[in-house]
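The values are calculated or read from the model by the stated rules, or taken from the named source; none is laboratory data. Since the structure is predicted, the reported quantities are computational estimates derived from the model, not experimental observations. All Cβ positions, glycine included, derive from the backbone under ideal geometry; neighbour counts span all protein chains shown.
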Amino acid sequence: MTKIFQSEWMSHLVDALLPVFATLAALIIGAIMLLVLGVNPIDAYAALWDGAFGSSNAFAETLVKATPLLLVALGICISFRGDVINIGGEGQMIIGAILATWVGLNFTDLPGWLVITIAMLAGFFGGAVWGGIPGFLKAYFNVNEILSTVMMNAIAVQLMNFLLRGPMIDPAQAEAASQIPQTARLLDAFRLARLMPPTRLHFGAVIAVVLAGLVYILLWRTTLGYRIRAVGQNPHASRYAGIQVSRYMVLALLLSGAFAGLAGAVQVYGVNYRMITDGSASGFTGSAGFNGIVAALFGGLHPIWSIPASILFGALLVGANKMQRIVQVPSALIIALNGLVVVFVVSSEILRKQRQRKRLAVAKRDDELPPSGDKQIQQAEAGS
Amino acid sequence: MSETDNLPSGRSRIHSLEMRGITKRFPGVLASDHVNFDVKAGEVHALLGENGAGKSTLMKILYGLYHPDEGEILINGKPVRISSPTDSINLGIGMIHQHFMLVPTLTVAENVALGLPSSRGLLTDLDVVSKRIVDLADIYGLRLDPSAYVWQLSVGQQQRIEIIKALYRGAALLILDEPTAVLTPQEVDELFVIMRQMTKDGHGLVFISHKLHEVVEICNRVSVLRDGKMIGTRPTSETTKQDLANWMVGREVGFAPDRGNVQRGEIRLKLEDVKCGSDRGTPGLRGVSLDIHAGEILGIAGVSGNGQRELAEAVTGLRKVISGKVTLEGGEITNLQPAEITERLLSYIPEERMKDGMIKDFTVAENLILREHHKPPYSNYGFLNLKNISANADMLIKKFRVKTPSQETMAKNLSGGNIQKIVLAREISRTPRVIIAAQPTRGLDIGATEYVREQLLEQRKLGTAIILISEDLDEIFALSDRIAVLYEGSVMDIVPRASATPQKLGMLMAGVHPENA
Ligand SMILES: Nc1ncnc2c1ncn2[C@@H]1O[C@H](COP(=O)(O)OP(=O)(O)OP(=O)(O)O)[C@@H](O)[C@H]1O
Ligand SMILES: [Mg+2]
């Protein structure tokens, strides 16, 4: 390993490129699997490329896929910078979508722009609540947020299944014997505008890109962002600086959830126009709640870099579908390929953190003083 | 000096080590500029220079942590390639960082064995390691129990583990980067005994320190770096402390700041029978009562670990007070949130500044507003005012002569002393009502030390109440109006400076009342 540490610069460059290497590695393993299945990987990846960028419709589909990824990724940028891990994007998307749908189905008298605005805010709010609860549990009861956010996902799915089968079911379905678990369709006036008909590219993409800019401003131009980053980097010094560490942990997770919730709302108003469930979370989210994490890591937890990262990842998802159709590989392989990329990119992030720690361990500043027993900051705060 | 070619550790000597034309650039800084430096077996070679002169950088290059852009390294006349610490360790070079890389929950032997190939394959043979540690400890006079747990040991003892670790790995040449900054005076003496033994046995040592009396005492030769350039090398016998100071800074340096006469005012900070715990569950403060007046510097003397840290944290709200009362300007602040206490203009320069007082991955400018980031002029309606933040950074960088390529540089990329200056600049410049300064000049060069002391005296003149926690008795005497001695969490006595002597303080610090002795 030491040879790779040839120089500081080299080492940093390697860090920056790790996610790219990870993706390539995943694709190479995918190629081996394709070979084993008797498929020419070059044909397969050509189909993938074609599916993602081959036509304006293909590219539009890529952007449609990228939109919820980017929204979730923006939230992830906030929470990970605050050193809070949010694995609950799926659940937060669902709750956001449910609230937004409810708004659309109940305020049919109001003008479209107003309903859309309220619905988006409702989605934002729903996700915030769903993210805020684990944040609160972490900050004040020391509950691990990775576990609690995953559990909140499970609860959200059950809630969705219950609501779509019962209270929120499309009255038409309730009357008919079919009983498909779905809500009624939103009014046409409530749809997010299409940007490039006949493609499905919708106004949500614009919302996401604008928000990327706003999240950048939030993180680096506001007191709130300063505090979230401070808490994420050094909770001791943050406490010393008069920042209430617990509060900003909750806020980071809450904001993160809010963006995922908005992603859910945008999916309903921009793509599906109703909620429908196949019983699983990914049936609605397309796993954007997880994939958004990968996109954010891919973008170096930077909101602006998350834009190309999300597009790339969206392309991978859309292209993989086409690949499946053209070269006739089992859909399990596509899921596996997708999973490989996720696992590799997430591991590369862990590796990057380790390398950073290692570098620090060897190159510790001279004037850094020996550690004393670590205080449990959160406990101290909760206790006082 | 024995003339066999082997060291007592069995390792062959490095008769001479030479660094030639070493150049290292960082973004915006030329940290080493064609530097020549050499060390011989049997000598202590001091490396001096102001904060940011490039001492640590040069030594990290020698140890393989950084790679020079130009230059070569020769051992016993032959060029060698050092591209990682593994290489340098194999070549017989060891380095003691000021931050020890020990695992507190492991024993001494386990720490030494960490990362070593074992004679028993994957299993570590701790008995063998322990025996070797005892042998090495005997040879070099390092008292150390291999089965002791690291967390039980003092800073000085932990440093000894690091030395043993280096010797165990066969270090013939040892780099000590500011080893004395965290040691008590007694521990410094003990370190010097070890260092003398090592040179007698044929090791070569590089010694970095900002304390010139140490350099004069222990070193054979001294080299001075200024702005990345090697100014020159001289035998220590031909220099004095004052020479060295002038040579290093390039101007006359005074050693005793002028205290002036200040009338002390009302009581600013009052502690009444304050009790609190410590990190290890032992009683941190066992009922401390103190009054600190406006325009007064109260020195807190004592061996570190006797409640100094707890005292500072209890007052600043970072540690829970179990009983007793803390009053700031007449208002009770016991167990208020740190935010509320900071709001009342209480400044705190923590001892562990890197961990408690700044954020390494924030820029210099961001670190300089850590305390006031949420208030005008740095923040309006929740938005940061970048213009004012930047102006503040420019002003403080200039005033405190912080050496940094820009205010946008990450704090972690500054030299050790310059990182310290960021905290000092920020805490002193906010026109505080009370300052708690723990080891404020640790790691600073003599120019910066002088400046910080002047600043503290200036604050005193302005009527600020100051608690000065220091292990450096010279500093305590130079600045304090009264001196309180902490021993095992209690105040032994408070003496006016005029009637304090080092002997008297020394006894109090050991827990003995002179009257009773
Ligand atoms: N990793 C790094 N990245 C960028 N700049 C660096 C890095 N390490 C050191 N520098 C710069 O190199 C210069 C020399 O730093 P160095 O740490 O060698 O100083 P020093 O002589 O050890 O000072 P001190 O007495 O304060 O410890 C400084 O200007 C510092 O900012
Ligand atoms: Mg240094």
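Restricting attention to region B:410-453, and to residues there that are within 16 Å of ligand 2 (Cβ to nearest atom) and more than 14 Å from chain A (Cβ to nearest Cβ), which single residue is farthest from the chain's Cα centre (by Cα)?
Among those that are within 16 Å of ligand 2 (Cβ to nearest atom) and more than 14 Å from chain A (Cβ to nearest Cβ), it is B:447.
Residue check: is residue B:217 charged (D, E, K, R) and free of Cβ contacts under 8 Å to residues at least 12 places away in the same chain? Quick ask: steps written out before the conclusion?
Numbers: charged (D, E, K, R): yes; free of Cβ contacts under 8 Å to residues at least 12 places away in the same chain: no.
No.
Collect the residues in region B:413-458 that are among the polar types (S, T, N, Q), farther than 30 Å from residue B:327 by Cβ and more than 9 Å from ligand 1 (Cβ to nearest atom), keeping them in residue-number order.
Correct list: B:449 only.
Just the residues that are outside any helix (DSSP H, G or I) and of a type in the set (Ser, Thr, Tyr), please, taken from region A:139-188. Talk me through it step by step, then tell me what you get.
Filtering region A:139-188 for residues outside any helix (DSSP H, G or I) gives A:142-144, A:166-170, A:176-187.
Answer for region A:139-188, where residues must be outside any helix (DSSP H, G or I) and of a type in the set (Ser, Thr, Tyr): A:178, A:183.
Given the options A:333, A:301, A:297, A:312, name the one that is among the aliphatic types (A, V, I, L, M) and surrounded by 22 or more Cβ atoms within 10 Å (Cβ to Cβ). Steps first, please.
Details: A:333 fails: surrounded by 22 or more Cβ atoms within 10 Å (Cβ to Cβ); A:301 fails: surrounded by 22 or more Cβ atoms within 10 Å (Cβ to Cβ); A:312 fails: surrounded by 22 or more Cβ atoms within 10 Å (Cβ to Cβ).
Checking each option against the conditions leaves just A:297.
What is the residue count in region B:181-206 for residues that are within 14 Å of chain A (Cβ to nearest Cβ) and either away from ligand 1 (no atom under 13 Å from the Cβ) or assigned to a helix (DSSP H, G or I) (or both)? I'd like the intermediate steps shown before the answer.
First, the residues of region B:181-206 that are within 14 Å of chain A (Cβ to nearest Cβ): B:181-184, B:187, B:206.
If we keep only those that are either away from ligand 1 (no atom under 13 Å from the Cβ) or assigned to a helix (DSSP H, G or I) (or both) as well, we get B:182-184, B:187.
Adding up the residues that qualify gives 4.
Among the listed residues B:142, B:191, B:174, B:153, which satisfies the condition of being under 28 Å from residue B:302 (Cα atoms), modelled with pLDDT of 85 or more and aliphatic (A, V, I, L, M)? Don't jump to the end; show me each part of the working.
Numbers: B:142 fails: modelled with pLDDT of 85 or more; B:174 fails: under 28 Å from residue B:302 (Cα atoms); B:153 fails: modelled with pLDDT of 85 or more.
Being under 28 Å from residue B:302 (Cα atoms), modelled with pLDDT of 85 or more and aliphatic (A, V, I, L, M) holds for just one of B:142, B:191, B:174, B:153, which is B:191.
For region B:44-70, enumerate the residues that are surrounded by fewer than 18 Cβ atoms within 10 Å (Cβ to Cβ) and more than 15 Å from ligand 1 (Cβ to nearest atom).
Taking region B:44-70 and keeping what is surrounded by fewer than 18 Cβ atoms within 10 Å (Cβ to Cβ), we get B:67, B:69-70.
Listed by number, the list holds a single entry, B:70.
How many residues does region B:127-152 contain that are part of a loop (DSSP other than H, G, I, E, B), without any contact (Cβ under 8 Å) to a residue 40 or more places away in the chain and under 25 Å from the mean Cα position of the chain (by Cα)? If you could, list the steps in order and put the result at the bottom.
Taking region B:127-152 and keeping what is part of a loop (DSSP other than H, G, I, E, B), we get B:141-148.
Now drop any that are not without any contact (Cβ under 8 Å) to a residue 40 or more places away in the chain, which leaves B:143-146.
Still in the list and also under 25 Å from the mean Cα position of the chain (by Cα): B:143-144.
Looking only at that region, the number is 2.
Output yes when any residue across region B:284-303 is at pLDDT 90 or above, within 27 Å of the chain's Cα centre (by Cα) and within 14 Å of chain A (Cβ to nearest Cβ), and no when none is.
So far as region B:284-303 goes, no, none of its residues is at pLDDT 90 or above, within 27 Å of the chain's Cα centre (by Cα) and within 14 Å of chain A (Cβ to nearest Cβ).
With the requirement that a residue be crowded, with 18+ Cβ neighbours inside 10 Å and part of a strand (DSSP E or B), what does region B:8-32 give you?
Hits for region B:8-32 are B:17, B:19, B:22, B:24, B:29, B:31, B:32.
Residue B:404 fails exactly one of the following numbered conditions: (1) more than 11 Å from chain A (Cβ to nearest Cβ); (2) more than 22 Å from residue B:467 (Cα to Cα); (3) without any contact (Cβ under 8 Å) to a residue 24 or more places away in the chain. What is the number of that condition?
If we test residue B:404 against (1) more than 11 Å from chain A (Cβ to nearest Cβ); (2) more than 22 Å from residue B:467 (Cα to Cα); (3) without any contact (Cβ under 8 Å) to a residue 24 or more places away in the chain, just (3) comes out false.
Given the conditions (1) crowded, with 22+ Cβ neighbours inside 10 Å; (2) under 27 Å from residue B:357 (Cβ atoms), report the number of the one that residue A:244 does not fulfil.
(1)
Report, by residue number, each residue of region B:279-323 that is closer than 13 Å to residue B:490 by Cβ, among the charged types (D, E, K, R) and in a strand (DSSP E or B).
Residue satisfying the conditions is B:286 alone.
Test residue B:148 against the criterion of being over 28 Å from residue B:250 (Cα atoms), buried (at least 23 other Cβ atoms within 10 Å of the Cβ) and of a type outside the set (Ser, Thr, Tyr), and give yes or no.
Values: over 28 Å from residue B:250 (Cα atoms): yes; buried (at least 23 other Cβ atoms within 10 Å of the Cβ): no; of a type outside the set (Ser, Thr, Tyr): yes.
No, not satisfied.
Can you run down the residue pairs with Cβ atoms below 7 Å, 6 or more apart or on separate chains, where the first is in region A:173-185 and closer than 19 Å to residue A:159 by Cα and the partner is among the basic types (Lys, Arg)?
A:181/A:165; A:182/A:274; A:183/A:274; A:184/A:274
Exactly one condition in (1) surrounded by fewer than 18 Cβ atoms within 10 Å (Cβ to Cβ); (2) without any contact (Cβ under 8 Å) to a residue 40 or more places away in the chain is not met by residue A:324; state its number.
(1)
I'd like to know if region A:198-206 contains one or more residues that are touching a helix residue (DSSP H, G or I) at 6+ places or on another chain (Cβ under 8 Å) and part of a helix (DSSP H, G or I).
Within region A:198-206, one or more residues are touching a helix residue (DSSP H, G or I) at 6+ places or on another chain (Cβ under 8 Å) and part of a helix (DSSP H, G or I).
Would a scan of region A:216-225 turn up a residue that is basic (Lys, Arg), touching a strand residue (DSSP E or B) at 6+ places or on another chain (Cβ under 6 Å), within 9 Å of chain B (Cβ to nearest Cβ) and under 14 Å from residue B:374 (Cα atoms)?
yes
Of the conditions (1) part of a helix (DSSP H, G or I); (2) more than 11 Å from chain A (Cβ to nearest Cβ), residue B:326 fails just one. Which one is it?
Going through (1) part of a helix (DSSP H, G or I); (2) more than 11 Å from chain A (Cβ to nearest Cβ) one by one, residue B:326 breaks only (1).
Evaluate region B:338-360: report whether one residue or more is within 9 Å of chain A (Cβ to nearest Cβ), free of Cβ contacts under 8 Å to residues at least 24 places away in the same chain and aliphatic (A, V, I, L, M).
Yes, that holds for at least one residue.
If I filter region A:70-82 for residues that are touching a Gly at 6+ places or on another chain (Cβ under 8 Å), assigned to a helix (DSSP H, G or I) and of a type in the set (Phe, Trp, Tyr), do I get at least one hit?
Checking region A:70-82: at least one residue is touching a Gly at 6+ places or on another chain (Cβ under 8 Å), assigned to a helix (DSSP H, G or I) and of a type in the set (Phe, Trp, Tyr).
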